Amino acid sequence: MQEIRVAGMKQKRTFRRPVRQDSNRDGMVRKLHVGRKQLGLEDADYRALLQRVTGKTSSTQCSEGELDLVLAEMKRLGFRGKSPSGKPHVRKVYALWGDMGPLLRSGGTKEALRAYVQRMTGVSAPEFLDEPSARKVIEGLKAWQKRLEGSA
């Protein structure tokens, strides 16, 4: 706790506020909890994992180095640190392209998709598409897929 004295009042008052923790550590603790949910660990299992790796039963007692070790162990157990793209329209482009892959001469390579996106929108890769441009690509892919399925 940090004390703050306020002067200029009839009487001096002391206010206490918590000292802010390191944001990197807070981020690591958040990742631990995301990993816990992703791996489906119950509270007892999570605490057993902490105990096994660090010798402590709470993430608040762990140092940054210990939290890093726990994250590494969770990754070994199957925790994927990153969530899928926050852009659903980009996932849709890739899903359509994946469905079309067997019907295409190119076999549905990423390079071929990038060339198609470049030709349709002038953008070099699906990841950089904004939503209106992605809609244009999606509708083009749907029409192309329909033509391919009709000729097969």
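The values are calculated or read from the model by the stated rules, or taken from the named source; none is laboratory data. Bear in mind that the values here come from a model prediction, so they are computed numbers and not experimental data. Positions of Cβ are generated from backbone atoms using ideal geometry, with glycine treated the same way; all protein chains shown enter the neighbour counts.
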(message) When you check Glu111 against the structure, is it surrounded by fewer than 16 Cβ atoms within 10 Å (Cβ to Cβ), part of a helix (DSSP H, G or I), touching a residue at least 40 places away in the same chain (Cβ under 8 Å) and among the acidic types (Asp, Glu), yes or no?
(response) no
(request) Could you pull out the residue among Gly140, Gly122, Gly107 that is farther than 30 Å from Leu39 by Cα, in contact with a helix residue (DSSP H, G or I) (Cβ under 7 Å, 6 or more places away or on another chain), modelled with pLDDT of 90 or more and not assigned by TED's automatic domain parsing to the domain that holds Met28? (result) Gly140
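Suppose we filter Leu49, Leu32, Leu41 for residues that are surrounded by 15 or more Cβ atoms within 10 Å (Cβ to Cβ) and in a loop (DSSP other than H, G, I, E, B); which single one remains?
It is Leu41.
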(message) What pairs come out if I take residues in the stretch 92-106 that are in a helix (DSSP H, G or I) and pair them with residues that are of a type in the set (Asp, Glu) and surrounded by fewer than 16 Cβ atoms within 10 Å (Cβ to Cβ) whose C-beta lies under 8 Å away, six or more apart or interchain?
(response) Leu103/Glu149
